[in-house]
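Participant: Once you've had a glance at the structure underneath, I'll fire off some questions.
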């Protein structure tokens, strides 16, 4: 079990990631908002607690691999990487701009520390499985993590990979599904019903853990449990709230692909969106800090 | 005749006949012996792609993927990312046919050294029919940045290509045929990825061929010689990067070109040659290849003739190209 003090520290850090995410998206003028806000706690947990990594030596052979399958959520990964020391925080301002290392969808060849190129959905789990399989062949002990979306469970490639990982008992592989129930065109269960996800993965010979993906302590516990499972890969069904941290946009799929400044105007006019979101996140920061004292 | 080639090439009965996929199987084993990073993945076609030969020798480095070409590409990308040298084996119609986007994103944009072996390319697959006769794989692969594209002319060259590809550090596509075809090259024939080979010297027309049809180009050159027309025959085994220097050197001498391939004319090897010529040294080009149609069932010889890919058609095209000078 992780101590309470560390958890508080991570929660404050996750809030900081959300604030930087909003600033970064406003500056970029395009990019996704809901998914990255929902994933802030998970990325904070990974980069500041779970991963065995070295930002100064991103090709270190024994590092844990964090594969991001749903590449469109990369802004939150970039923010976490910058704070972890992979590149200057200042560089976040270049997101999606000409000549940037922070491409609209992440590219392995461009930014050191991004393990794989992603964006086209359904291809991350296969790559993570390939890494885990190769590591197992060589008796290496690092772990491979794959963050994927629920929307990309629509893709056949995902299930081919799930079958492969189950067949090969890739116990060194932990997949994390960002179960936020939204995708571009609407709610996942309307677009193409996914449930029962737990039973589906169990039927593919996976160990499945359900966790609150916006509860850092609970998420870290799930990751620890996965390490103790030896005969199967593990799926953490991480239930998250899209838009988490900004009440007005939580659960609203219209914020999937809009950045603050270009979102629907029923709450704030476009030019006030970034500012309003930051104000809300600041208030949470104050509350977290006072709780901490 | 080129001293590095098999003797009496025009006497087809004297030649050994082997499918290029056999060369792939042998090359895999050789590469596997040299380097234990080499792994082979196969989508339920181990016997017919000859990856079986690697499986028999190195079962611990063979990965059976089932009928899942998209996953095969992504798993291989992960393995290459980790540091392995993965070969993925299937029919060209499925890989790079079905998994083209996975190859684009996870192999080419990722820029990881996965080797894609597309077997059963071309109409010479025979009775299986159009669905299994890949005729657009060169187009798909040559349009992807970072990808190297090789189409070996015979089994001996396919073995060399497979072995060299293992160690070139790049995403690479190797095109293979199903049918037994004449072995023209020997262990001594020079082979280097990216370097075209002049198989026969001439001065009147350059016939640039790729894959097993290189043999038909040689037969056509022999026929032309009887009429006092001297054709230069180039084996363009590497379609990308294309050997501009070799093409221009020959064409500056001959002033006329015929390209020969078992593939759509659109965006294939002939197009690659035409791109080079149009920009540097425009001369008449005649294209031997598939004219915007799918294949069909039949015997390989029957189909090669039906689609006008054999030597009498190359002879005709050569004369036409010369006439257009």
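Participant: Assign one of three labels to the protein assembly as shown, namely rounded, prolate or oblate, based on the Cα gyration tensor with a ≥ b ≥ c the square roots of its eigenvalues; rounded applies when a/c is under 1.5, prolate when it is not and a/b is larger than b/c, and oblate otherwise.
Facilitator: It is prolate, given that a/c is not under 1.5 and a/b is the larger ratio.
Participant: Sticking with this one: Ratio of Rg to Rh for the range A:93-144, alpha carbon only, Kirkwood?
Facilitator: Rounded to two decimals, Rg/Rh equals 1.10.
Participant: Taking a ≥ b ≥ c as the square roots of the Cα gyration tensor eigenvalues, with a/c under 1.5 meaning rounded and otherwise prolate when a/b beats b/c, else oblate, which class fits the range B:17-179?
Facilitator: Taking the square roots of the gyration eigenvalues as a ≥ b ≥ c, the range B:17-179 is rounded.
Participant: Sticking with this structure for a sec: Ratio of Rg to Rh for the range B:74-118, alpha carbon only, Kirkwood?
Facilitator: Here Rg/Rh amounts to 0.94.
Participant: Another question, if that's okay. For A:256, B:291, what ranking results if the residue with the fewest other Cβ atoms within 10 Å of its Cβ goes first?
Facilitator: Listing A:256, B:291 from fewest to most nearby Cβ atoms yields B:291, A:256.
Participant: Can I ask one more? With a bin width of 5 angstrom, please list the P(r) values of the range B:189-323 as percents of all Cα-Cα pairs, from the 0 bin to the one holding the largest distance.
Facilitator: Bin by bin from 0 Å, the calculated values are 2, 12, 23, 25, 20, 12, 5, 1, 0.
Participant: In degrees between 0 and 90, to the nearest 10, how far off the longest principal axis of chain B does helix B:244-254 point, with axes built from Cα atoms?
Facilitator: Between the helix axis and the principal axis of chain B, the angle is about 20 degrees.
Participant: Need one value for A:264-270: mean number of C-beta atoms belonging to other chains within 10 Å of its residues' C-beta atoms.
Facilitator: That works out to 0 on average.
Participant: If the chain between residue A:251 and residue A:228 were fully stretched, how many nm would it gain, using 0.36 nm times the residue separation less the Cα-Cα distance?
Facilitator: This chain segment gains 5.0 nm when fully extended.
Participant: Taking the 0 to 90 degree range and rounding to the nearest ten, how far is the long axis of helix A:4-28 tilted relative to the main principal axis of chain A, both from C-alpha atoms?
Facilitator: The answer is roughly 60 degrees.
Participant: Give me the percent relative contact order of the range A:168-232, please, defined on Cα pairs under 8 angstrom at least 6 residues apart.
Facilitator: 41
Participant: Rank these for me by crowding, A:231, B:47, going from fewest to most other beta carbons within 10 Å.
Facilitator: Going from least to most buried by this count: A:231, B:47.
Participant: Right, next: Share of antiparallel DSSP beta bridges in the range A:4-292, in percent to the nearest 5?
Facilitator: If we restrict to bridges inside the range A:4-292, about 10 percent are antiparallel.
Participant: With a 10 Å cut-off between alpha carbons and a GNM built on chain A, which of A:198, A:108, A:254 moves the most?
Facilitator: Greatest mean-square fluctuation among the candidates belongs to A:108.
Participant: Right, something else. How large are Rg and Dmax for chain B when calculated on the C-alpha trace, in angstrom?
Facilitator: Reported Rg and Dmax, both Å: 18.6, 58.
Participant: Also, quick follow-up: Determine the distance separating the Cα centre of the range A:109-144 from the Cα centre of the range A:1-43; give it in Å without decimals.
Facilitator: 23
Participant: In addition: Take the Cα atoms of chain A, build their convex hull, and give its volume per residue in Å³.
Facilitator: 119
Participant: For residue B:249 and residue A:56, what does the FRET efficiency come to when R0 = 60 Å and r is the distance between their Cβ atoms, rounded to the nearest 0.05?
Facilitator: So the FRET efficiency works out to roughly 0.75.
Participant: In addition: For the residues A:60, A:268, what sequence is obtained by ranking on other C-beta atoms within 10 Å, fewest first?
Facilitator: Ordered from fewest to most neighbouring Cβ atoms within 10 Å, A:60, A:268 come out as A:60, A:268.
Participant: Sticking with the crude label model, points 7 Å out along Cα→Cβ, report the distance from residue A:287 to residue A:192 in nm, one decimal please.
Facilitator: Placing both labels 7 Å beyond Cα along the Cβ direction yields 3.7 nm.
Participant: Moving on. May I ask you to work out the translational diffusion coefficient for the range A:98-242 at 4 °C, viscosity 1.567 mPa s, via Stokes-Einstein with Rh from the Kirkwood sum over Cα pairs, reported in whole µm²/s?
Facilitator: The Stokes-Einstein estimate is 82 µm²/s.
Participant: Any idea what % of Cα-Cα pairs in the range B:96-193 are farther than 19 Å?
Facilitator: I get 44 percent for the Cα pairs in the range B:96-193 exceeding 19 Å.
Participant: Calculate, for residue A:6 and residue B:128, the FRET efficiency according to 1/(1 + (r/R0)^6) with r their C-beta to C-beta distance and R0 56 Å; round to the nearest 0.05.
Facilitator: So the FRET efficiency works out to roughly 0.35.
Participant: Once the Cβ-Cβ distance between residue B:305 and residue A:109 is put in as r, and R0 is 60 Å, what FRET efficiency do you end up with, to the nearest 0.05?
Facilitator: The calculated FRET efficiency here is 0.85.
Participant: Based on the mean of other beta carbon atoms within 10 Å per residue, what is the order of A:175-183, B:255-263, most packed first?
Facilitator: B:255-263, A:175-183
Participant: Hey, another quick one. If you line up the Cα atoms of the range A:177-293 on their principal axes, what length do they span on each, largest first, in Å?
Facilitator: Per principal axis, max minus min of the Cα coordinates gives 52, 44, 15 Å.
Participant: Now for a different question. In degrees from 0 to 90, rounded to the nearest 10, what is the angle of the helix A:216-227 Cα long axis to the longest principal axis of chain A?
Facilitator: So the helix axis and the longest Cα principal axis differ by about 10 degrees.
Participant: Could you give the semi-axes, largest first, of the ellipsoid that matches the range A:3-50, computed as the square roots of 5 times the alpha carbon gyration tensor eigenvalues and rounded to whole Å?
Facilitator: 23, 10, 7
Participant: Let me ask another. With no solvent and one point per C-alpha, what does the Debye sum give as log10 I(q)/I(0) for the range A:226-293 at q = 0.15, 0.27 Å⁻¹?
Facilitator: Evaluating at q = 0.15, 0.27 Å⁻¹ gives log10 I(q)/I(0) of -0.64, -1.18.
Where a number appears in this text, it was derived from the coordinates with a stated rule and is not lab data. Nothing here was measured: the structure is a model prediction, and the numbers come from that model. Here the Cβ is made from the backbone with ideal geometry for all residues, glycine too, and neighbour counts use every protein chain on show.
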